[in-house]
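Structure record follows, encoded as structure tokens.
The values are calculated or read from the model by the stated rules, or taken from the named source; none is laboratory data. All values reported here derive from a predicted model rather than from experimental measurement. Positions of Cβ are generated from backbone atoms using ideal geometry, with glycine treated the same way; all protein chains shown enter the neighbour counts. Keep in mind that these areas ignore ligands, DNA and RNA; they rest on the heavy atoms of the full protein, side chains included. Shrake-Rupley method; radii C 1.70, N 1.55, O 1.52, S 1.80 Å.
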Amino acid sequence: TLKRYREAELTHGRVGMLAAVGFLVGEAVESKTVLFNGEISGPAITQLAQVNPLLWVLLGAGIAKAESMRAEIGWVEPENVPFDKPGQLRDAYVPGDIGFDPLGLKPESEEEFIIMQNKELQNGRLGMLAAAGFLAQELVDGKGIIEHFTS
């Protein structure tokens, strides 16, 4: 159970860190990028609703593929799991380690890996809180986060 909690916290922390950066980058490059032809504007919480619906399909497909790969790597197949232990992780699986490290940042020793993973957990918690704070602030007054920093 603790292993599943650690996996969930690492995963949600990674999403939180990406969300916090996404808030800031989305508002900083607003109408300055050719990606969406400069049509996306306003606070970050309103930007996703302004994009082409095709992006929703691509985004959903990408998330589904990433999650199914993560499930294949970390979880025991449902037909091999006892009824009273749904969502059982593989014995050899280390939470958060899905074998994706294109920059070669993963430490070689297990001790250093645990230290790095704890740092990731701490930064992930901060990312989740930051994203929640950004969301709440934009919902309260309708102004973007960058707009708050500059005023």
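Given the condition in a helix (DSSP H, G or I), under 30 Å from Val29 (Cβ atoms), in contact with an Asp or Glu (Cβ under 7 Å, 6 or more places away or on another chain) and open to solvent by less than 60 Å² (accessible area, probe 1.4 Å), answer yes or no: does some residue in the stretch 70-77 qualify? No; the residues of the stretch 70-77 include none that is in a helix (DSSP H, G or I), under 30 Å from Val29 (Cβ atoms), in contact with an Asp or Glu (Cβ under 7 Å, 6 or more places away or on another chain) and open to solvent by less than 60 Å² (accessible area, probe 1.4 Å). Restricting attention to the stretch 34-46, does a residue exist that is within 30 Å of Gly99 (Cα to Cα), small (Gly, Ala, Ser) and in contact (Cβ under 8 Å) with a residue 40 or more places away in the chain? Checked the stretch 34-46: no residue is within 30 Å of Gly99 (Cα to Cα), small (Gly, Ala, Ser) and in contact (Cβ under 8 Å) with a residue 40 or more places away in the chain.
For the stretch 36-57, filtering for residues that are part of a helix (DSSP H, G or I) and surrounded by 11 or more Cβ atoms within 10 Å (Cβ to Cβ) leaves 8.
Based on what the data block shows, is Met128 touching a residue at least 24 places away in the same chain (Cβ under 8 Å) and assigned to a helix (DSSP H, G or I)? So Met128 fits the description; yes. Taken residue by residue, the stretch 119-130 has no member that is open to solvent by 60 Å² or more (accessible area, probe 1.4 Å), touching a Lys or Arg at 6+ places or on another chain (Cβ under 8 Å) and over 14 Å from Ala20 (Cβ atoms).
Each residue in the stretch 82-113 was checked for being outside any loop (DSSP other than H, G, I, E, B) and surrounded by 12 or more Cβ atoms within 10 Å (Cβ to Cβ), and 2 pass. Looking only at residues of the stretch 136-151 that are modelled with pLDDT under 90 and part of a helix (DSSP H, G or I), we find that the one that is surrounded by the most Cβ atoms within 10 Å (Cβ to Cβ) is Ile145.
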